[in-house]
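**Student:** Below is a structure I'd like to ask you about.
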Amino acid sequence: MVKYMKTIAVILASGLGTRFDKKIIKQYENINGHSVLYHSVIALKKNIKVDKVVVVVNKDHKEIAKNTLKGLNITNFVNGGKSRQKSVFKALKYIQKYNPTNVLIHDSVRPNIENSLINTLVNKLDKYEAVIPVIKINDSLKKNNNNSVTEHLDRNKYCLAQTPQAFKYKDLFLKHKLNINTNITDDATLFNNVHKINGNTNNLKITTKDDLKLLEIMMHKEIKHIQISGIGIDVHKFSVTKAKTIKLGGVSIKHNKKLIGHSDADVVLHALVDSILGTISEGDIGSIFSNKDPKWKNANSIIFVKHASSLLNKHKCNLLHTDINIICEEPKISKYRNKIKKNIAKLLSISEKCVSIKATTTETLGFTGRKEGIMAQCITTISKPIK
């Protein structure tokens, strides 16, 4: 049994918009990280008076539409017709199975719709069969013929129509059936008596690239960030096997003992990776690069750093600073400090000023004091966007 729905919104997104650009489809252009269509859909979808959103798309662009609306759970798509009117009529036939009382028709390229406008339109349908938002014309209105002005019109007798436009569903469906071959620019044209409400100048329609630029400014939302720090600690012990060098911070350092590890045992980079993972709650190095997996046998730890950095990018975070402390009696770190610092800055694509490398001993106390291994501690601070 089909659930009764009082109000359904139809969003028209099948046009090619050649006045905008013959090669670019304006409803899929980007504003604030989402497509123009996405903004139009979510504005209507989140309104409590709208029970369902149906999107009319060009059949060749259906996958683009689905991808750009991913996460909004939109499952109702209708292939558009050869004209705006035929597209609307196909949508009206599609939603007939829901037997709605009201229908809203909206152009997808008006992405900056206010919730209050939608509420007023729907509320007015309790009294009127057709309701549209309009705005006053503030400039002088002229009638022209080629390069000449032929008539000066009274602007108070005219207004500019916007969408969404609201209708009693059965009335609009009947009007379309009776005028299927009539060329109309909006659905209100089919009605003799249309109730008007105040529109909103911010409800701008994208016709040209300048319109898009203006909307990008109007709809710009400053993204707030918080700072989060993560801690990483790692330890690797020395083996009795003789060696010539060990890796610390991706740098080869002269030493006569080998560090034991499944990978290259770079204790500094391992601590760094764990601290980065900690900032974004993505587990730890052992859960991602298991020491039981032969794939990571003798692996270069730079691989682990690059993976952690890619996760930061996925979360749209910026690494601000990392502070690394190397604890050991030997080898002596001081002469390698700047080289390690430069290498880590390069790996993380940050300034060397954002990397701190310190070294200390435990005054011969504990396993590091007995020269049995090396410990590294790291605190990394990131900037994370918040809603």
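**Student:** Looking only at region 176-193, decide whether some residue is hydrophobic (A, V, I, L, M, F, W, C), part of a strand (DSSP E or B) and in the same structural domain as L44 (by TED's automatic domain parsing).
**Tutor:** There is no residue in region 176-193 that is hydrophobic (A, V, I, L, M, F, W, C), part of a strand (DSSP E or B) and in the same structural domain as L44 (by TED's automatic domain parsing).
**Student:** For residues that are of a type in the set (A, V, I, L, M, F, W, C) and touching a Lys or Arg at 6+ places or on another chain (Cβ under 7 Å), scanning just region 247-260, find the one that is modelled with the lowest pLDDT.
**Tutor:** The selected residue is I260.
**Student:** Do we find a residue being among the acidic types (D, E), touching an Asp or Glu at 6+ places or on another chain (Cβ under 9 Å) and either in contact (Cβ under 8 Å) with a residue 40 or more places away in the chain or assigned to a loop (DSSP other than H, G, I, E, B) (or both) anywhere in region 146-167?
**Tutor:** Scanning region 146-167, I find no residue that is among the acidic types (D, E), touching an Asp or Glu at 6+ places or on another chain (Cβ under 9 Å) and either in contact (Cβ under 8 Å) with a residue 40 or more places away in the chain or assigned to a loop (DSSP other than H, G, I, E, B) (or both), so the answer is no.
Okay, residues lined up against (1) basic (K, R); (2) in a strand (DSSP E or B); (3) in the same structural domain as N256 (by TED's automatic domain parsing):
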position: K316; (1), (2), (3): yes, no, yes
position: N325; (1), (2), (3): no, yes, yes
position: K335; (1), (2), (3): yes, no, yes
position: A345; (1), (2), (3): no, no, yes
position: K358; (1), (2), (3): yes, yes, yes
position: T368; (1), (2), (3): no, no, yes
position: M375; (1), (2), (3): no, yes, yes
position: I382; (1), (2), (3): no, yes, yes
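Per-residue answers, yes or no, for (1) at pLDDT 90 or above; (2) polar (S, T, N, Q); (3) surrounded by 15 or more Cβ atoms within 10 Å (Cβ to Cβ); (4) more than 12 Å from L12 (Cβ to Cβ):
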site: K45; (1), (2), (3), (4): yes, no, yes, yes
site: V50; (1), (2), (3), (4): yes, no, yes, yes
site: N58; (1), (2), (3), (4): yes, yes, yes, no
site: T75; (1), (2), (3), (4): no, yes, no, yes
site: K93; (1), (2), (3), (4): yes, no, no, yes
site: K97; (1), (2), (3), (4): yes, no, no, yes
site: N102; (1), (2), (3), (4): yes, yes, yes, yes
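**Student:** Filter region 347-356 down to the residues that are of a type in the set (S, T, Y) and either assigned to a strand (DSSP E or B) or in contact (Cβ under 8 Å) with a residue 12 or more places away in the chain (or both) and list them by number.
**Tutor:** Passing the criteria: S349, S356.
**Student:** Looking only at region 228-254, count every residue that is of a type outside the set (S, T, N, Q), surrounded by fewer than 19 Cβ atoms within 10 Å (Cβ to Cβ) and over 43 Å from the mean Cα position of the chain (by Cα) and tell me the total.
**Tutor:** 7
**Student:** Let me spell it out: the conditions are (1) closer than 17 Å to G230 by Cβ; (2) loosely packed, with under 14 Cβ neighbours inside 10 Å, and I344 meets all of them except one. Which number is the exception?
**Tutor:** Exception for I344: condition (2).
**Student:** Could I ask something else about it? Of all residues in region 169-213, how many are aliphatic (A, V, I, L, M) and either loosely packed, with under 14 Cβ neighbours inside 10 Å or more than 37 Å from the chain's Cα centre (by Cα) (or both)?
**Tutor:** 5
**Student:** Working only within region 62-105, note down all residues that are charged (D, E, K, R) and assigned to a helix (DSSP H, G or I).
**Tutor:** Within region 62-105, K62, E63, K66, R84, K86, K90, K93, K97 qualify.
**Student:** Given the conditions (1) touching a Pro at 6+ places or on another chain (Cβ under 6 Å); (2) farther than 16 Å from D51 by Cβ, which single one is not true for L104?
**Tutor:** (2)
**Student:** Condition (residue is more than 36 Å from the chain's Cα centre (by Cα), at pLDDT 95 or above and assigned by TED's automatic domain parsing to the domain that holds T380) applied to region 297-312: is it met by at least one residue?
**Tutor:** no
**Student:** Only one of E129, E114 is of a type outside the set (V, I, T), under 21 Å from V194 (Cβ atoms) and in contact with an Asp or Glu (Cβ under 6 Å, 6 or more places away or on another chain); which?
**Tutor:** E129
**Student:** On to the next question. Return the total of residues in region 244-275 being part of a strand (DSSP E or B) and among the hydrophobic types (A, V, I, L, M, F, W, C).
**Tutor:** 5
**Student:** I want to confirm something. Restricting to region 110-163 and keeping residues that are of a type in the set (G, A, S) and surrounded by 13 or more Cβ atoms within 10 Å (Cβ to Cβ), which single residue is farthest from N203 (Cα to Cα)?
**Tutor:** Among those that are of a type in the set (G, A, S) and surrounded by 13 or more Cβ atoms within 10 Å (Cβ to Cβ), it is A130.
**Student:** Also, quick follow-up: Have a look at L125, L69 and point out the one that is without any contact (Cβ under 8 Å) to a residue 40 or more places away in the chain, among the hydrophobic types (A, V, I, L, M, F, W, C) and in contact with a strand residue (DSSP E or B) (Cβ under 8 Å, 6 or more places away or on another chain).
**Tutor:** Exactly one residue qualifies, and that residue is L69.
**Student:** Still on this structure, I have one more. Just to be sure, is H220 surrounded by 15 or more Cβ atoms within 10 Å (Cβ to Cβ) and either touching a strand residue (DSSP E or B) at 6+ places or on another chain (Cβ under 9 Å) or assigned by TED's automatic domain parsing to the domain that holds E372 (or both)?
**Tutor:** Against the criterion (surrounded by 15 or more Cβ atoms within 10 Å (Cβ to Cβ) and either touching a strand residue (DSSP E or B) at 6+ places or on another chain (Cβ under 9 Å) or assigned by TED's automatic domain parsing to the domain that holds E372 (or both)), H220 does not qualify.
The values are calculated or read from the model by the stated rules, or taken from the named source; none is laboratory data. Everything numeric in this text was worked out from a predicted model, so none of it was measured. Positions of Cβ are generated from backbone atoms using ideal geometry, with glycine treated the same way; all protein chains shown enter the neighbour counts.
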